[in-house]
Amino acid sequence: MVISFIGHRKIENYNLLKVMVFGILQSINANVNLTFFCGGYGDFDRLCASAVKDLKAVRNNVRSVFVTPYIGISYAAKLKAIVDSNLYDEILYPAIENIPYKFAISARNKYIVDSSDLIISYVINKWSGVYSSLKYAEHKLKKIIYLPLYFA
């Protein structure tokens, strides 16, 4: 089962949200192999990657994957920091190399949504890229868990 996260770069109530996310992760069937796709940008992504790391401490069927929108020498320092963080088991670069640089994050987010069985979402406004990703997931009829403060 592939589970992904959609959420804002800046969040409030980090500790409360982390408890909520970890509770959701713990409630998922323990007999199923779980792969978590993370975007690796901003507070919500770090919170979720940390919650997945905590889950890995109590379950052995969990993998954490950083899905990168970029590849190449200019991005090497970011990828090294991702590896050094010990939050991820692997780095995945989807087949988006022909996408212009400024659209790479959106293309990566669509890949993540398309690949997911479940999405955990924390979206509190309608004028952001994460809102667009959430609407795309809804359009694709993905199963979504909405954390509080979602505005339809």
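The values are calculated or read from the model by the stated rules, or taken from the named source; none is laboratory data. These numbers were taken from a predicted model, which means no experiment stands behind them. Cβ placement follows ideal geometry from the backbone for every residue including glycine, while neighbour counts extend to all protein chains displayed. Areas reflect the complete protein model, heavy atoms only, side chains present, ligands, DNA and RNA absent. Shrake-Rupley method; radii C 1.70, N 1.55, O 1.52, S 1.80 Å.
Condition check for Thr68 on (1) closer than 25 Å to Tyr131 by Cβ; (2) open to solvent by 50 Å² or more (accessible area, probe 1.4 Å); (3) modelled with pLDDT of 80 or more: one failure, at (2).
Where helices (runs of 4 or more DSSP H) fall entirely within the range 71-152, those with at least 2 residues that are open to solvent by 40 Å² or more (accessible area, probe 1.4 Å) and farther than 21 Å from Ala49 by Cβ are at 129-139. None of Ser128, Ser85, Ser132, Ser116 is among the hydroxyl-bearing types (Ser, Thr, Tyr) and at pLDDT 95 or above except Ser116. Taking each residue of the range 30-42 that is more than 10 Å from Tyr88 (Cβ to Cβ) and looking for partners that are in a loop (DSSP other than H, G, I, E, B) and open to solvent by less than 10 Å² (accessible area, probe 1.4 Å) with beta-carbon atoms closer than 6 Å, six or more apart or interchain, yields nothing.
In the range 32-46, the count of residues that are part of a helix (DSSP H, G or I), modelled with pLDDT under 90 and surrounded by fewer than 14 Cβ atoms within 10 Å (Cβ to Cβ) is zero.
The set of residues in the range 35-55 being touching a Ser or Thr at 6+ places or on another chain (Cβ under 9 Å) and more than 15 Å from Val19 (Cα to Cα) consists of Thr35, Phe36, Phe37, Cys38, Gly39, Gly40.
Screening Lys78, Lys126, Lys135, Lys56 for residues that are out of contact with any Phe, Trp or Tyr (no Cβ under 8 Å at 6 or more places or on another chain) and over 26 Å from Val32 (Cα atoms) leaves exactly one candidate, Lys135.
When the range 1-31 is filtered for residues that are aliphatic (A, V, I, L, M) and either modelled with pLDDT under 85 or more than 12 Å from Ser121 (Cα to Cα) (or both), the ones remaining, listed by number, are Met1, Val2, Ile11, Leu16, Val19, Leu25, Ile28, Ala30. For residues in the range 47-65 being of a type outside the set (D, E, K, R) and in a helix (DSSP H, G or I), which is surrounded by the fewest Cβ atoms within 10 Å (Cβ to Cβ)? Among residues in the range 47-65 that are of a type outside the set (D, E, K, R) and in a helix (DSSP H, G or I), the one surrounded by the fewest Cβ atoms within 10 Å (Cβ to Cβ) is Ser50. Screening the candidates Ala107, Ala77 for the property of being out of contact with any His (no Cβ under 6 Å at 6 or more places or on another chain) and without any contact (Cβ under 8 Å) to a residue 12 or more places away in the chain yields one hit, Ala77. Of everything in the range 1-19 that is in a helix (DSSP H, G or I) and touching a helix residue (DSSP H, G or I) at 6+ places or on another chain (Cβ under 7 Å), the residue that is most open to solvent (accessible area, probe 1.4 Å) is Tyr14. The criterion of being out of contact with any Leu (no Cβ under 8 Å at 6 or more places or on another chain), of a type in the set (Ser, Thr, Tyr) and without any contact (Cβ under 8 Å) to a residue 24 or more places away in the chain holds for Tyr131.
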